[in-house]
Ligand SMILES: N[C@@H](CCC(=O)N[C@@H](CS)C(=O)NCC(=O)O)C(=O)O
């Protein structure tokens, strides 16, 4: 059984839950209460020195970085539909996984962490920076979804689970996609059982 260090308001942790539900993998969630600062406790730092969730424990193997965890689970369980082996499709999956980590995710954190979770202590300049970057990111995402049901073709992959977790995070700041392809895609991913079950209970 996998152990996942998790916090329900973490988009990075939720994307791992989405895949584990979709793939029927057995897991136990270890709640790291970030609101109480548990991610910076000595105990948790010995699990993940980056003071971040998620962390996956698989016996003697310990992995942090959410997208690396997604790849690990797919390779270990032969989840080829979620992480296709065909090179052109695999390349698309990798591109969007990395785009999320390098471009969308930092922007989402700028906005949501600072305008929602940190309350009055939030960095207003970071919120402004994030908001100013979103139009370009929305248009890149929407163009990538033109003429395709999911990011890498007609079936959902871990790229969709990863990206959609970031898009959902924006809803905490009352930001939702408006461009047609992205709206339709987000609705499709939101219909996946794994995605729905990963969401925090409101
Ligand atoms: N690149 C990491 C990012 C993980 C991350 O930023 N997690 C956030 C919650 S969404 C966190 O734990 N932040 C606390 C901190 O950075 O101190 C991943 O993909 O797993």
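The values are calculated or read from the model by the stated rules, or taken from the named source; none is laboratory data. Keep in mind it's a predicted model, so treat the numbers as computed, not measured. Please note: Cβ atoms are built from the backbone with ideal geometry, for glycine as well, and neighbour counts cover all protein chains shown.
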Members of region 147-165 found to be touching a helix residue (DSSP H, G or I) at 6+ places or on another chain (Cβ under 7 Å), surrounded by fewer than 24 Cβ atoms within 10 Å (Cβ to Cβ) and within 15 Å of residue 187 (Cα to Cα), listed by number
149, 150
Going through region 55-100 one residue at a time, which ones are within 16 Å of residue 22 (Cβ to Cβ), outside any helix (DSSP H, G or I) and either modelled with pLDDT under 95 or within 13 Å of the ligand (Cβ to nearest atom) (or both)?
56
Residue check, residue 183 against (1) under 11 Å from the mean Cα position of the chain (by Cα); (2) without any contact (Cβ under 8 Å) to a residue 24 or more places away in the chain, all met but one. Which one?
(1)
Test residue 127 against the criterion of being touching a residue at least 60 places away in the same chain (Cβ under 8 Å) and part of a helix (DSSP H, G or I), and give yes or no.
no
Against the condition touching a residue at least 60 places away in the same chain (Cβ under 8 Å), within 24 Å of residue 87 (Cβ to Cβ) and outside any loop (DSSP other than H, G, I, E, B), how does residue 163 come out, does it pass?
yes
